[in-house]
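Take a look at the structure set out below.
The values are calculated or read from the model by the stated rules, or taken from the named source; none is laboratory data. Every value quoted in this text rests on a predicted model; they were computed, and no experiment measured them. Note that we place each Cβ from the backbone using ideal geometry, even for glycine, and neighbour counts take in every protein chain shown. Only protein heavy atoms, including side chains, enter the accessible area calculation; ligands, DNA and RNA are left aside. Shrake-Rupley method; radii C 1.70, N 1.55, O 1.52, S 1.80 Å.
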Amino acid sequence: MSKQYQFKLVLLGESAVGKSSLVLRFVKDQFDDYRESTIGAAFLTQTVTIDDQTTVKFEIWDTAGQERYKSLAPMYYRNANCAVVVYDITQSSSLEKARTWIRELQRQADPNIVIALCGNKTDLAARRQVTQDEAKKYAEEEGLMWAETSAKSGEGVTEVFTAIAKKLPSVASPAARPGAGTRTGPGARQGVDLNKQAGTQGQNENCNC
Amino acid sequence: MSSFYNVINSSLRATENATVTVDSLVLPNLPASALSSIDTSDNWRDRRVLTVVSHKDEWALSEEGALYVYKLRPSLDSSTYTPELVTIYPIYDKFAIVMSQMRRNTLDLGTADTKAVLDQPRSGFSLTITPAGGQSKSHGTPTFYATDIQSLSILVAECKRLRDVAGWSTFLCNDEVLTGVFQPTEVVDPDAVSVSQSTSHFNWLHPYISKPTHLSLCQSSSFVPASSFIANMRGLVVSSIPPDLRTMNKPLTERLPPASAGHPGDDASVIQLLRDEWIRSKARSSVRQGTRDLSLRVGTFNVNGKMPSQDLSSWIQGTMASTSLSQITASSPTPFEDMALNKSESKISLGSTAATTLIAESADADSDTSPDILVLGFQELDLSTEALIYSTGTAREDAWCMAIFAALGEKAVQYEKLTSKQLVGMLIVILVKKSLKEYFGDIQATSVGSGILGLMGNKGATAIRLTFTPPLGAGGKPEASSSTTQSHEDDSDGKKAAALTLTFVNAHLAAFDEMVERRNQEFHELSRRLMFGRELNETEPAVYEDELVAQERLLTISLYETDVLFWMMFTITSNLDLNYRVDIPESEFRKLLAEKEWDDRLEVLIRYDQLKKSMSDAKAFDGFQEHRITYLPTYRFGLGLGMDELGYDQKRRPAWTDRILHLPSTLCNVEQRSYDSYPQITMSDHRPVAANFSLNFDLYEKSDYEAAVRRLYHEVHDLDGSHERPAIKVEQSFLDFGQIRRYKTRCTKKVVIENIGKIPCAWRFIPAQSDSPIHPEWLSVKPLTGLFLPGEKTEISITIHIEIRIAEALNLGSRDMSGTLILHTVLGKDHFIAISGEYLPSCYGNKLETLIRLPGPIRNLKSSEDLRPENHPLNAPGEIMRLVNRLMSNAKPPDNLFLQPPDEDMITTIRECLDTGDEFPWPLGEGKVEGKVSHALAHALLQLLDSLTEPILPSILHSRCVQMMSRDEAFELLDALQPAAVNVWITITAFLHFICQSSEVPGYAESIAGIFTAVLMRDDPKSTAPPISSIGKRKFILQFIT
C-alpha cells in the first residue's frame, strides 16, 4: 500500500529572484526567459515521489515579491506547512530581504513550518555576490534547509522540493489524521497520511472531520 | 451500451467521462412478468440507466469514479425521454456491485402476450449495489435488472478498476461525508452539504448534486425545481418557474460562497452561479424581440364588514370624482374639500410622471389609460362570528364584484372577472381587459389562516398566482433597432412567448399596537405557508422513498418564485413605536397631521411608522418597496361622535394601516405611477388605497430562449471541466488617483482585463481576509464578478467617492488612501490591483469643535497633535469668518444673494483658498466679476455650514425653538449652545439681517430663512426627538433676520 501526503507550500522572496521560474521548472519543467513580474498569487500543484511507497503532493502558492503587496503575504502563508524563501545569488540585497521574510515567518507563521532558504540563479555564478558559506552559515544558525538552484538550467530544483518532502512528514503535527482539516480546493491542510489503516483507528471511532 | 449514452455523456463536464451505460429496470416493485424487454415505453417509470463516470484530474494525477443512476422523464407527448440523474454512488472503499444470473424459470409464460414472450431476452442478470459507506439504514440495497451482458461485464470491470485506483480506501471515515455525496436527493440538509464540501475528494460530484448550497441559506423552503443535473445545469435558467425573488434580488456577490486571499473556497458553486447568471443575461439579450408593457391597478380596502353602499369609482378608476366632493363635505363636519385640494396639490409636486398620469386619466377617459389588470384586495369582508368558522358562500363576494363593475361605469364592458379567492374576511378579485383575457393562464389561488389558533380565517392571507403570455409580434412594442422584428403574425401560431408570472397577496396581519414582533413573525409565517401547487403532466409514482420526498417538494411553488410580487394588506400599526410614543403625544401627532401648510409633514411622520421601521431593519418585508406615502392616514375614521377635526376617531391614533408593497424583479421593470387613498369613500372606518403600476418586460420566444441557453451552455462548457487553466491579463495593475481634494466628488478609473487563456474564465473580487471587506469604503468597484470567453475583454470601473462621514475621518486621520484589490480567477490565479491616492484635507466635512481648534489652514496641519489646546480654541471658525467678512466688505451685495445659481468653478477655487490659506484671486472692488464672486462666496458659505457634521443648532433643541414667541426669547435660547456655535449663529444671522434689509426682492427674508433652516437647523433623520415642523423653524430664524 502506498502513502500519500499533501502539504501547503508558499514561495516568498524579493521581486525578480525567480520564484515563479522555480515553480514553473518544478511543475512543468519549463523555463521562460522573459517572465512578467507576478502581480498576485498563483496556485499550482505538483506531486513528488519519495520512494515506492510514498508520494507527497504540494499545493504551491507562488506570491508576488513586490514590496507593495507585502501586506497580503500573510494571507497566503498562513497554515502553510513549508515555505521556500528565495534569494538571488547575484544580488546580496535579496538575501537581506530573505532574512526579513524568514524572521516574519518565524514570528507569525505556523510554528512547525519547514523553511528552506534557496539561492537561485547559479547559472549566473560569474556575477555571484552571495557566497555559499555566508548563506549556509545563516541557514544553519536559524535551523533552515539550504540549497542553491538554477531555474534556468534546472539544477537543484527538484532536489529542493524532494528534500522538503522528505523532511515534512517527520515534522508534521502528530495530530494529523486521515481526513483532518481537508477542504475543497487549494487551502490549508495538515500533512495527511492518506493511507492509514482503518484498523488503527478503531472501527466506529469518529474522526475529527 | 444504452441508447442514452450520447445524451448522458454530453451532459457531463469535460473532466468527466461516461465509460459505460447500461439500460436496466429497478427491481423491488416489479412483477416478475415485467421482466421482459427493457426497451418498452410503458415501463419507463421503472427504467434506470446505470452509468459509470470517471473523473480524471491531470494535476493531481488521480482518477476517481462514481456510478450514476438515471431515471427517465418523458416529454410532454411521451414520445421521447430524457434521462434524469437520481442517485450517485461514489466508487471507493466498500462499494461493491454484484452481478448474478436471474432464475427465469419462474417467469409466467402463460399470461404474458405472445409477442412479449418472444421479445423476452433469453437471460437476465440482477445487479446489487453496496454503497461505499456500507448499507444505509434508510435505504435498502438497490437492485437492478439488466440483460445486456456485454455492457454489464464492462460496467462491473470498470467499477472494480475504479475502486482499486481509489487507493485511499478509508479516507472518508465519517458517515456524514457519505450522505452528502451518496444521496443527491438529500443534500437539502445544509449540514450534509457542508461536510461533503469539506473534503477535496469527490468534490467534482458537487455540480451534479441538485441543490446549490447558497440556496439553503435563504429562509424559504424553496427548492431547485428538479433534482437532475440536466435540469440543474439550466434549472435556474430555463425553468418555467421563476427563481426565488428574494435570492435573485440579492447582489450576486452576496450569493457567492465566502472566499478570501489564499482560500478560494467553493469554486464549483461560484462557477455555477456566475455561469447561470451569464447564460441568463446573454440568452435574454440575444433572443429579445422587444419589450412589452402591462399596466396594473392594485387596490386594498378594509370594508369593516359593510356591504357596498357607495360609489367606488374614484378608487376603482383612480379619478378624483369631483362631483362627490360636495356631497362628502355636506355629510361630514370635517373640511374634506380642503384636504382633497391639498392632496391634489401635493400630487402635482410628486414628480412629473405621477402628475401627468393623473392628469391624463382625469382629462380623457380614453381606454388607453385604463389598466390591463385590476387587482383588488378586501379585508374584513364579513365580521359575523359564524364567518370565522363557516364559509358563508359567495353572497358578499358577488355584491362587491357587482359594485366594482358598477364603479367602472362605461368601461365595465371592457373588463371581465378573471378569478377570485376568498378566505372568510379576505377576498382578492382580479379583473382583466377582455381583449387580453386569453393571454392569462396558470391561475392558482391559495390561502392561509393565521387567526385564532393560527388556523382560523379571520386573519391570514389569500393569494393568486397567474401567468401572462403575451402574443408575439402583435401588441408588443418592438424595438426599432432590433433586427428580429419582422412580422410574427404568420409564424406566431407554433411559437410561444415566455410567460411573465405575477403573484398577488392580500393579507390581514396582527391587530394590536403592542404586537409588532408578532406581526413580523406573521409575515414570515405567511411567506412560508403561502404555497401554490404545481400541476404535473402525469402523476409519477415514486420508486424509492427519497424520490418521493423530492417529488413532493416539487409539487409546491413558493410565493416568491415569481417575476413580480404585489402585497396588499391591512395591518394595524400604531404609527409610533413605543419608544417614540413618549416623545410624541397623540395630540401632537394629530396637530402635526392637520398642519396643512407644512408640505413634508407626512414624510416626517411616516418615519415613525412601524411597517417602515420593520422594512428598514429587515425584520419583515425585507427587499419590498413602497412608494412614498402622500396621503393622510387611512384609519380610523369615526362615524359621528368622538371625531377630531380631520374626522379621525379620538380613541385611536390615526394610522397608515392600508398599504400596497411590491417586491421588484431584476427581470421585469416595475414602475409605480401612483399611490393614493380615496377619502371620499366613507362607508368604512378605513379609506381605500390604490396604486397604479406599469410593468415592462422582455418579449421573446420561449423556444428561442431555450435554444440560446443550450448554445451558451456549450460555449462555457469548459469552464470547470477542462485541463486548461484560466489565464487573464490585467492591463493596469496599479491605479494612482493622485491627490483627492474634495468630498462628494467622484473620480473613476478603468481597468481592462482580457481573457488570454484557452477557456472561458469566471472571476470575482475577494477580500484579503474572510472578515474584511472586498474594498475600502471610499471605493466602489463595478462589476465585482464576471465571466468572459477567450479573447474577450471586460472593463472594470474603480471609483473613489468620499462622503462626508469618510471625509471627517480622513481630515484628521491618515491621509493615505491606498489598498489592494484581489481579483480571483476561479480555479486560477489571484491578481492584485493596487490603488493609491492622497487625500488633501479640507475644512469641509468637520465638526465645529475641530474647526475652532485649527491653528491655521487645514492643509498645513501635520497631525492632530498640532491642534490648538481644547481650552484655547478660536471664537469661531476662521473659514466661516473669512467668507462672511469678504461678503460684508462689499459695499452693496447683490440683492438676490443665495438665490442665484453659483459658478461651480469659482466655488472650487474658494474652497481651495480656504483650505490652503491662499488669497482669493479676485481683488475686492473689481466691479466686473464682483457680483459673480459674491454669489459663489455665498454658496461656498452655505456648503461649508451644511458640511458640518452637526448642524449649528442641534436637533435636540428644535422643539424648544418653535416655542419661542419673541426675539428676546429666541436670543435666550442661544445660551444652550456652545460658545463657538453662538458666535457662528450671531455672525450669520447678523449678516443675513443686513442683506435682508438692503434687498428689494419681495419675500426675500422668507426665502433666506427657508434656505438657512435646512442648513443651520438641519433635520436629523435618525433622531428620536419628535419631528418639528419646518414652518416653526423658519419662524425662529426669521426672529433673527428681520
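Data for the structure
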| item | result |
| --- | --- |
| For residue B:439, solvent-accessible area (1.4 Å; no DNA, RNA or ligand), Å² | 50 Å² |
| Radius 9 Å from Cβ of residue B:951, net charge of other residues (Lys, Arg +1; Asp, Glu -1) | -3 |
| Anisotropy class of region B:921-1003 from Cα gyration tensor, a/c 1.5 cut | prolate |
| Share, in percent, of DSSP beta bridges within region A:1-119 that are antiparallel, nearest 5 | 30 percent |
| Anisotropy class of region B:403-442 from Cα gyration tensor, a/c 1.5 cut | oblate |
| Qualifying GluC sites (Glu not before Pro) in region B:841-950, DSSP loop, other Cβ atoms within 10 Å at most 10 | B:870, B:919, B:926 |
| Carbon + sulfur, % of accessible area of region B:593-742 - ligands and nucleic acids excluded, 1.4 Å | 43 percent |
| Amide H contacts under 5 Å for residue B:496, placed H, 5+ residues apart | B:702, B:703 |
| 3J(HN,Hα) from dihedral phi, region A:113-127, Karplus parametrisation 6.51/-1.76/1.60, rounded to Hz, x for glycine, proline | 5, 8, 10, 10, 9, 10, x, 9, 6, 5, 5, 9, 4, 4, 9 |
| Estimated Rh, region B:715-832: Kirkwood, alpha-carbon pairs, angstrom | 15.7 Å |
| Karplus-derived 3J(HN,Hα), 6.51/-1.76/1.60, for each residue of region B:45-51, Hz, glycine and proline x | 5, 8, 6, 9, 9, 8, 9 |
| Residues whose placed amide H lies under 5 Å from that of residue B:291, excluding near-sequence neighbours | B:477, B:479, B:699 |
| Largest-first ordering by accessible area, 1.4 Å probe, given options B:3, B:420 | B:3, B:420 |
| Solvent accessible area, Å² - residue B:888, 1.4 Å probe, full protein context | 80 Å² |
| Solvent-accessible ranking of B:645, B:522, B:1000, B:416, largest area first, probe 1.4 Å | B:1000, B:645, B:416, B:522 |
| 5 angstrom amide H check on residue B:62, placed H, neighbours 5+ away | B:57 |
| Estimated vicinal HN-Hα couplings, Hz - region A:151-166 in sequence order (Karplus 6.51, -1.76, 1.60; Gly, Pro = x) | 5, 5, 8, x, 4, x, 5, 4, 4, 4, 5, 5, 4, 4, 4, 5 |
| Residue B:868 accessible area, assembled protein chains, probe 1.4 Å, Å² | 80 Å² |
| Region B:887-1028: C-alpha gyration tensor shape, a/c 1.5 cut-off, then a/b vs b/c | prolate |
